[in-house]
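Report on the structure given below.
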Amino acid sequence: MAEGCERNLLKSMEITRTSQYAFDFLNRHRRGAVHSVYKKTINLEMDGQLLAIQVSGSPLSPLSLITDQTAESLDTLKLQPGDPVLATAWSRKLLVGTHCFHWDKPAVVDLQLKGPDPRFTPNQTSVNDRQTSQNHGSNPVRSTQCCDPELSGTVLELLNTYPPVGFVPLFVDVPAPPAGTHAAPDPFLTQTETILRTGAPITDLIGLGIGLTPSGDDFLCGVLAGLTLLGLRDSQDFRHLSAEISRNLAKTNAISAAFLRCAMDGQFSEALVTLGSVSFVQSLQMFHDIGHSSGADTLCGLYFALCGLYFAFGKFS
């Protein structure tokens, strides 16, 4: 794609909202290609990292380039994987195929999760002994008191608004099946609970589940967020976990791997970064806007870390 080809562009659009992470990335990188195309998202790959062109009103992630377009208007662009991408920092234009997205005046949001937060100081006395939990056969996610009752209570309250999707049944009570029915155990949940209870490497969760961002990956993003809030980003535990996640990224897809890389860099969704600083109703809407179960699975991982369960049951090698 020639840089002087703007006169041949078919459509010009605006990027209205983005993260500081994505904004800085566009300033540093120039060339790439369309990675994948979905109804509301066009993923771009530039120098091994993904960015996501999204429709207006989409939830903000570290990879988001939110536009003034609808799903219908985005579909009319007829972009295909492999179409060329060129970012020109000096003119703030993002050329994608034969279309142009202007990024000269977007609202830029910092999604770096700051830690430690004094509200979230871990209470080591709240962590039950792993062997005690296993001997009694209890569910590890319900076998400890929370290290921060206020925040953990909010997270649990948010989880209780979800149907039994993803990891939710492992963390909250779900309605029993109607009398006379015998639902078979969900092998996905059984495998997850086994990993969390037995001290298997927690990175065995990578790629576990269905969808663009499998539940296991979203859960690990939540764990990384919780450890960040506990002030443990510089700890050996965090470094080891990050190293093991990096080593196992091939077990999941490129889109989910990109979000895991962001989480290891301290970059998270707006829903997670603003948790506790916006109203419960706002948080509820923001988390429910994140995919089918991604918001819930992230909250499960956050709860797992904040309650000290990562240290009782988590393991990375």
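The values are calculated or read from the model by the stated rules, or taken from the named source; none is laboratory data. This is a predicted model, so every value here is computed, not measured. Every residue, glycine among them, receives a Cβ derived from its backbone with ideal geometry; neighbour counts consider all protein chains shown.
What the table shows:
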{"quantity": "Residue check, Gly226 closer than 21 Å to Phe167 by Cα, surrounded by 24 or more Cβ atoms within 10 Å (Cβ to Cβ), at pLDDT below 95 and under 13 Å from the mean Cα position of the chain (by Cα)", "calculated": "yes"}
{"quantity": "Complete set of residues in the stretch 20-52 that are buried (at least 16 other Cβ atoms within 10 Å of the Cβ) and within 19 Å of Gly211 (Cα to Cα)", "calculated": "His35, Ser36, Val37, Lys40, Thr41, Ile42, Asn43, Leu44, Leu50, Leu51, Ala52"}
{"quantity": "Residue match in the stretch 100-110 (condition: surrounded by 14 or more Cβ atoms within 10 Å (Cβ to Cβ), modelled with pLDDT of 90 or more, among the aliphatic types (A, V, I, L, M) and under 23 Å from Leu60 (Cα atoms))", "calculated": "yes"}
{"quantity": "Residue in the stretch 80-96 that is touching a strand residue (DSSP E or B) at 6+ places or on another chain (Cβ under 6 Å), in contact (Cβ under 8 Å) with a residue 24 or more places away in the chain and under 24 Å from Met286 (Cβ atoms) present", "calculated": "no"}
{"quantity": "Every pair of residues 6+ apart whose Cβ atoms lie under 9 Å, when the first sits in the stretch 16-43 and is closer than 13 Å to Pro84 by Cα while the second is hydroxyl-bearing (Ser, Thr, Tyr)", "calculated": "Arg30/Thr88; Ile42/Ser36; Asn43/Ser36"}
{"quantity": "Matching residues, the stretch 259-307, being part of a loop (DSSP other than H, G, I, E, B), among the polar types (S, T, N, Q) and surrounded by 23 or more Cβ atoms within 10 Å (Cβ to Cβ)", "calculated": "Ser269, Ser293"}
{"quantity": "Evaluation of Leu272 against (1) out of contact with any Phe, Trp or Tyr (no Cβ under 9 Å at 6 or more places or on another chain); (2) closer than 24 Å to Arg17 by Cβ (one fails), failing number", "calculated": "(1)"}
